[in-house]
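Data block below; observations after.
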Amino acid sequence: MPVPEEGAARGLIIVYTGDGKGKTTAAFGLALRALGRGRRVKVIQFLKGRPSGEVLAAQRWLPLLSVEQAGGESLVDPRALSPEDRQRAAAGWSSACAAVSSGQWDVVVLDELNVAVNFGLIPLAEVLEMVRRKPSAVDLVLTGRGAPPELIQLADLVTEMREVKHPFRKGVPARTGIDL
């Protein structure tokens, strides 16, 4: 376990939200920084089952970064949630709670958790309770559009990504290695 720096603060609650790009990328950047300093990092991705560039890089070059996906191959339609969607979200949530309380991880990233909450797959009350009870040494990163106001209130750091300009608006599709 890394030795805390003198005067080190308690673990933070960090939220990356908003309609702009970069929330997951920011969380993986923080994970990379933490790994570089000897911290143990677990990432759990809700609603995502296809390996993105970040996941593939972690599998290939970052054996100390634990990444778990709790989603299927296709996008989740919030108007037609399947039993499989609910089952995967519940399994991811169970894993998230275990990771936060285990003492095994210094940083836990719950990617797209805000969206899973907004879709009704994970109860907000359970998320707020877990956040309130997290061990003081754990840094907890929560990403996804539409962070609930109650979660924003509990957070120590909130960054809202705002789209100013996006190539998709000009018909440019998502590109492997840049967007995927």
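The values are calculated or read from the model by the stated rules, or taken from the named source; none is laboratory data. Only a predicted model underlies this, so the values are computations on that prediction, with no experimental measurement involved. As a convention, Cβ positions derive from the backbone with ideal geometry for all residues, glycine included, and neighbour counts pool all protein chains shown.
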Next on the checklist: For segment 79-96, give me each residue that is hydrophobic (A, V, I, L, M, F, W, C) and out of contact with any Asp or Glu (no Cβ under 8 Å at 6 or more places or on another chain).
Outcome noted: Ala80, Leu81, Ala89, Ala90, Ala91, Ala96
Checklist entry - For Leu124, all conditions in the list (1) touching a Pro at 6+ places or on another chain (Cβ under 6 Å); (2) surrounded by 18 or more Cβ atoms within 10 Å (Cβ to Cβ) hold save one; what is the number of the exception? => result (2)
Next on the checklist: Of the conditions (1) at pLDDT below 95; (2) surrounded by 15 or more Cβ atoms within 10 Å (Cβ to Cβ), Ile178 satisfies every one except a single condition; which number is it?
Outcome noted: (2)
Checklist entry - Which residues, taken from segment 80-110, are hydroxyl-bearing (Ser, Thr, Tyr) and under 18 Å from Val55 (Cβ atoms)? => result Ser95
Checklist entry - What do you reckon, is Ala80 assigned to a helix (DSSP H, G or I) and either in contact (Cβ under 8 Å) with a residue 12 or more places away in the chain or surrounded by fewer than 16 Cβ atoms within 10 Å (Cβ to Cβ) (or both)? => result no
Next on the checklist: Where the second residue is basic (Lys, Arg) and assigned to a strand (DSSP E or B) and the first is closer than 15 Å to Val108 by Cα and lies in segment 54-76, which pairs have Cβ atoms under 6 Å and are six or more apart or on separate chains?
Outcome noted: Ser66/Lys42
Next on the checklist: Would you confirm whether or not segment 45-54 contains a residue that is in contact with a Phe, Trp or Tyr (Cβ under 6 Å, 6 or more places away or on another chain), at pLDDT 95 or above and farther than 19 Å from Val131 by Cβ?
Outcome noted: no
Next on the checklist: Just to be sure I understand, how many residues within segment 56-87 are touching a Pro at 6+ places or on another chain (Cβ under 8 Å) and among the hydrophobic types (A, V, I, L, M, F, W, C)?
Outcome noted: 0
Checklist entry - If you take the residues in segment 153-167 that are exposed (fewer than 14 other Cβ atoms within 10 Å of the Cβ) and out of contact with any Leu (no Cβ under 9 Å at 6 or more places or on another chain), which one is nearest to Ala27 (Cα to Cα)? => result Arg162
Checklist entry - Do the conditions hold for Ala155, that is, is it small (Gly, Ala, Ser), touching a residue at least 24 places away in the same chain (Cβ under 8 Å) and either out of contact with any Asp or Glu (no Cβ under 6 Å at 6 or more places or on another chain) or farther than 26 Å from Lys21 by Cβ (or both)? => result yes
